[in-house]
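The values are calculated or read from the model by the stated rules, or taken from the named source; none is laboratory data. Treat the numbers as computed from the prediction; the structure is a model and nothing was measured. Here the Cβ positions follow ideal geometry from the backbone for every residue, glycine too, while neighbour counts run over all protein chains shown. Side chains included, ligands, DNA and RNA excluded: accessible areas come from the protein's heavy atoms. Shrake-Rupley method; radii C 1.70, N 1.55, O 1.52, S 1.80 Å.
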Amino acid sequence: TDISARIRESIEKRTGKQLSQREWGEVAKSVETILRGFKELDMHVIFLAQHKAIMDGDEVLEIVPDLYGKTATKACYFMDIVGYMTITKEGERKIIVTPKSKLVVKDRSNELSDDTEVDFNVWLDLINKGNPTKPKKTKAAPKKTTVKAGGATTVENPKDDIPFSDEEIKLNAG
């Protein structure tokens, strides 16, 4: 989100006006180039982003990183692990990595669960199986998707137990 804002501000400063549709495309392309560059590094990289809800009227279709346009979902393709941090009713922090119907999350390592401790040293040990200095190459896990009205794509999963309601998502997204 900060990367997008800095690129947008740079273009606005250069042109002296608000961004045109073509210039918004330039922002998206620049962000994708930066993300791709980080992905190609031979080290673990952690990105943090706010989230936004993709809505169809009052219905939440998807929860994605708060990036401009299609960059929100494209950014997730570059990542091996995409999680959604939430706080349970008991006040415990959890990072959801198991696909749910509305969350864009994944774990290509197939080593993490929604109950994995929120400690990235633990994550590294699980992902690298004792070799924390070298990132483990992972294969993409198979996906089952459906297309909803308006072209939004969502992952179907029998574990549709999202730990929050649509109302909570709307409150957090706004």
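Results, tabulated for the structure shown:
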| item | result |
| --- | --- |
| Among the residues listed as Lys52, Lys100, the single one being within 24 Å of Arg36 (Cα to Cα) and either outside any helix (DSSP H, G or I) or touching an Asp or Glu at 6+ places or on another chain (Cβ under 8 Å) (or both) | Lys52 |
| Residue within the range 11-32 that is under 23 Å from Lys129 (Cβ atoms) and either at pLDDT 90 or above or touching a Pro at 6+ places or on another chain (Cβ under 8 Å) (or both) present | no |
| Residue list for the range 111-132, restricted to those being modelled with pLDDT of 90 or more and assigned to a loop (DSSP other than H, G, I, E, B) | Glu111, Leu112, Ser113, Asp114, Asp115, Thr116, Glu117, Val118, Asp119 |
| Members of the range 14-49 that are more than 27 Å from Ile95 (Cα to Cα) and in a helix (DSSP H, G or I) | Arg14, Thr15, Gln21, Arg22, Glu23, Trp24, Gly25, Glu26, Val27, Lys29, Ser30 |
| Test for Val122: is it aliphatic (A, V, I, L, M) and buried (at least 16 other Cβ atoms within 10 Å of the Cβ) | no |
| Qualifying positions in the range 1-33 - among the hydrophobic types (A, V, I, L, M, F, W, C) and surrounded by 14 or more Cβ atoms within 10 Å (Cβ to Cβ) | Ile3, Ile7, Ile11, Leu19, Trp24, Val27, Ala28, Val31 |
| Whichever residue in the range 34-77 is over 23 Å from Glu12 (Cα atoms) and among the β-branched types (Val, Ile, Thr) and, among such residues, is most open to solvent (accessible area, probe 1.4 Å) | Ile46 |
| Residue ID - modelled with the lowest pLDDT, chosen from residues in the range 55-88 that are part of a helix (DSSP H, G or I) and farther than 25 Å from Asp115 by Cα | Ala72 |
| Cross-chain or 6+ apart pairs with Cβ under 6 Å, the range 42-55 first and of a type in the set (D, E, K, R), then not in a strand (DSSP E or B) | Lys52/Asp66; Lys52/Ala173 |
| All positions within the range 78-97 that are open to solvent by less than 40 Å² (accessible area, probe 1.4 Å) and without any contact (Cβ under 8 Å) to a residue 60 or more places away in the chain | Phe78, Met79, Val82, Tyr84, Ile95, Val97 |
